[in-house]
1. Please give the residues of segment 125-151, grouped as numeric ranges, whose backbone N is less than 15 Å from a label point set 7 Å along the Cα-to-Cβ vector of Val157.
2. Could you list which residues have their amide H under 5 Å from that of Asp27, counting only those 5 or more apart in sequence or on another chain, with H placed in the peptide plane?
3. Accessible area per residue for segment 1-143 in Å², computed with a 1.4 Å probe and the full protein assembly in place, what is it?
4. Shape verdict for segment 68-164, please, from the Cα gyration tensor: rounded (a/c under 1.5), prolate (a/b greater than b/c) or oblate.
5. Given the Cα-Cα distance of Ala102 and Asp40 and 0.36 nm per residue of separation, how much length would full extension add, in nm?
6. Calculate what fraction, in whole %, of the accessible area of segment 44-125 sits on carbon and sulfur atoms when a 1.4 Å probe is rolled over the protein chains.
7. To the nearest 20 debye, what is the magnitude of the charge dipole of segment 44-174 about its Cα centre, counting +1 on the Cβ of each Lys and Arg and -1 on the Cβ of each Asp and Glu?
8. What is the distance in Å between the Cα centres of segment 5-56 and segment 112-168?
Amino acid sequence: MARENGLELTERDQLVLQLCHDYIYVDSNYLKEYVFPFGDATEERIINVANMRLKKLADAGYIERFKRVGTSYAQRDTVYTLGLKGEEFMLMMHGYCDYKGAWRSSLKIWYNHALSILRITEGLRRQLADHPVYTVVEFIPEVRAFFQYGEGKKDVVRPDGLIVIGGREDKRNNICLFLEAENSIATYRCLTQLKSAPRDD
């Protein structure tokens with residue numbers, strides 16, 4: 001545990017801050033499902049504990065919160081991001097912090113995209129948690145994710161993130177996956193039409 005300004009940050013608190021740092025936005029539904037469950041606690045107990053702890057972190061300035069507007073594919077819930085103290089804590093813990101203060105000034109229009117990246121990456125991490133050979137070594141967020149394939153300034157690929165997968169024993173042969181998620185309805189419709197279009201062959 002780490003004590004900061006009178007508030008003792010648990011390992012779970014620090015995980016919440018790390019998720020907010022890496023993915024920028026994290027929704028309460030995800031936290032209640034994957035971060036806060038403990039022992040044989042009931043769903044009601046987990047929700048109460050999560051709400052109280054997240055409120056305490058927000059009141060202390062470690063996280064900021066926004067209300068997520070309900071849509072046809074997601075219920076209305078709360079979205080969290082790093083507060084100023086959370087940003088300072090991440091800088092102290094790691095010696096760097098990729099977070100930009102503008103991200104907490106308002107809930108950005110692309111927050112659903114960030115939530116998709118969160119679920120894809122952490123879902124893969126959970127799937128490989130018990131794998132005998134491979135594990136997720138690191139997730140590199142978009143602000144640091146790029147591949148320079150040429151000498152020109154435009155000869156660069158900037159994905160939504162990089163997922164590094166490596167061996168549990170053999171650390172020499174890591175695999176880097178370029179992660180690109182698409183939330184655009186227009187693109188979805190385009191792909192659907194392309195899939196259903198008659199083929200000449």
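1. 145-151
2. Tyr80
3. Accessible area per residue, segment 1-143: 55 Å².
4. Here segment 68-164 falls in the rounded category.
5. Extra length from Ala102 to Asp40 when fully extended: 18.4 nm.
6. 55 percent
7. Result for segment 44-174 is approximately 440 debye, rounded to the nearest 20.
8. 23 Å
The values are calculated or read from the model by the stated rules, or taken from the named source; none is laboratory data. Since we're looking at a predicted model, the values are computed, not measured. Please note: Cβ atoms are built from the backbone with ideal geometry, for glycine as well, and neighbour counts cover all protein chains shown. Keep in mind that these areas ignore ligands, DNA and RNA; they rest on the heavy atoms of the full protein, side chains included. Shrake-Rupley method; radii C 1.70, N 1.55, O 1.52, S 1.80 Å.
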